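Worksheet: one structure, shown below.
The values are calculated or read from the model by the stated rules, or taken from the named source; none is laboratory data. Not measured: the values here are computed from a predicted model. Using ideal geometry, Cβ is built from the backbone for each residue, glycine included, and neighbour counts are taken over all protein chains shown. These area figures cover heavy atoms from the full protein model, side chains too; ligands, DNA and RNA do not enter into them. Shrake-Rupley method; radii C 1.70, N 1.55, O 1.52, S 1.80 Å.
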Amino acid sequence: MDAGLKEAPRRKKVVLLGSTGSIGCSTLEVARLLPERIELIGLAANGSVESLAKQVHATGVKHVALHEASRVEELRALIPADVTIYPGPEGLVELATLADAEMVLVAIIGTAGLHPALAAIEAGKDLAVASKEILVMAGEIVTAAARRKGVKLLPVDSEHNAIFQCLDGHRGGEKEVSRLILTASGGPFRCLPADQLAGVTLAQALKHPTWEMGRKITIDSATLFNKGLEMIEARWLFDIGMERVDVVVHPQSIVHSMVEFVDGSVLAQLSTTDMCFPIQYALTWPDRVAGGLKPLDFAKLAKLDFEEPRHADFPALDLAREAGLKGGTLPAVLNAANEIAVDAFVAGRIGFPDIWRVVGETMQRHEVAAADSLESVIAADAWARRVAAEQCA
């Protein structure tokens, strides 16, 4: 090639599972800003037919999946005739294994993302992970499959993406890492006295101080279960012992996470609070590209604060560490019990502190088994949902 000519960047063909959620919408924005880098070839949604139809028209994709198979005809009436629709849970798997796809970004809440994620790995697709359940429930299975197939697991969560960036190009591996330090905003109740937590309302729990997110993850941020789940994710993503994963509260949410090395050096990743940043890096890795995202203005930041989490008042972190250390099916139980408890809190059946109580009691009643198959993980998930629901009745 002539030295004066630059090679055009190659477009990465991406399937997006969970396109109508907050992460999905941010991913579409990143793809819109970087058309020369990212080509969306498939979109999947649960049941948001109208939103999915609008996305089909905006992107021009020819393949979509709809988890609620009963609404396929409704979707068909809203999109071009040449778009293929893959219905139901099997449709997610078909979409995730499209021959042309190079990467699958999974942003599906709950267990629905497990089968398509594993199918994508088996089909040789790189996996961008935004769904916590994939690694919390089946981290051992997913990471083993990725190693066997030689595919990349790229984190989309801002915290894990930050650690990934701090470790990127680091040659020493986990032997040179002392700690992974996840940052937490502390949520809306960071300074609320413990004796007032019982009176927390749903409206208060949904007012996150720095991030705009979906309902479930916003409540998880308020209880700190979101950070607890991220601790377990980090253990699998970066192949490091649970005892070396820590959390520090950082209210400004500018430092997204840090890596402490054995020599005492600490690398941190900083950016404004916009999920488009980690999504863009996951999709364009190993390249860094300009995408129109807002840079930091350090003069306006003024200060960055850090503090120890209130472990006694917000026991989610200790419950997550216990689940991560014991391993097996216990992380799946923690995750499932938390989902049931959050739903019960939203419905007004239990109070805010009861979320921790339900999860803790469900974990105590569980007989931990090996998480060596998807069937064992799903069975533990179902058991935990049943037991947690009994406590929320």
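Key figures for this structure:
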| item | result |
| --- | --- |
| Number of the exception - L17 against (1) at pLDDT 95 or above; (2) over 18 Å from F277 (Cα atoms); (3) surrounded by fewer than 21 Cβ atoms within 10 Å (Cβ to Cβ) | (3) |
| Residues being surrounded by 24 or more Cβ atoms within 10 Å (Cβ to Cβ) and under 23 Å from L229 (Cα atoms) - total across the stretch 94-113 | 6 |
| Residue within the stretch 14-34 that is over 19 Å from A128 (Cβ atoms) and in contact (Cβ under 8 Å) with a residue 12 or more places away in the chain present | no |
| When residues of the stretch 357-386 are limited to those that are hydrophobic (A, V, I, L, M, F, W, C) and part of a loop (DSSP other than H, G, I, E, B), the one surrounded by the fewest Cβ atoms within 10 Å (Cβ to Cβ) | A370 |
| Those residues of the stretch 54-68 which are under 23 Å from the mean Cα position of the chain (by Cα) and open to solvent by 50 Å² or more (accessible area, probe 1.4 Å), in sequence order | H67, E68 |
| Among residues of the stretch 202-216, those that are open to solvent by less than 60 Å² (accessible area, probe 1.4 Å) and without any contact (Cβ under 8 Å) to a residue 60 or more places away in the chain, counted | 1 |
| Condition met for K294 (in contact (Cβ under 8 Å) with a residue 60 or more places away in the chain and open to solvent by 30 Å² or more (accessible area, probe 1.4 Å)) | no |
| Residue within the stretch 112-131 that is of a type in the set (A, V, I, L, M, F, W, C), outside any helix (DSSP H, G or I), in contact with a Ser or Thr (Cβ under 7 Å, 6 or more places away or on another chain) and closer than 28 Å to A320 by Cα present | no |
| Residue in the stretch 316-339 that is surrounded by 20 or more Cβ atoms within 10 Å (Cβ to Cβ), among the hydroxyl-bearing types (S, T, Y) and farther than 30 Å from A380 by Cα present | no |
| Of the criteria (1) in contact with a strand residue (DSSP E or B) (Cβ under 8 Å, 6 or more places away or on another chain); (2) surrounded by 23 or more Cβ atoms within 10 Å (Cβ to Cβ), which one V136 fails | (1) |
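Here is a yes/no grid of residues against (1) among the acidic types (D, E); (2) in contact with a strand residue (DSSP E or B) (Cβ under 7 Å, 6 or more places away or on another chain); (3) within 30 Å of L334 (Cα to Cα); (4) exposed (fewer than 14 other Cβ atoms within 10 Å of the Cβ):
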| residue | (1), (2), (3), (4) |
| --- | --- |
| Q252 | no, no, yes, no |
| V259 | no, yes, yes, no |
| A268 | no, yes, yes, no |
| D287 | yes, no, no, yes |
| L301 | no, no, no, yes |
| E307 | yes, yes, yes, yes |
| R310 | no, no, yes, no |
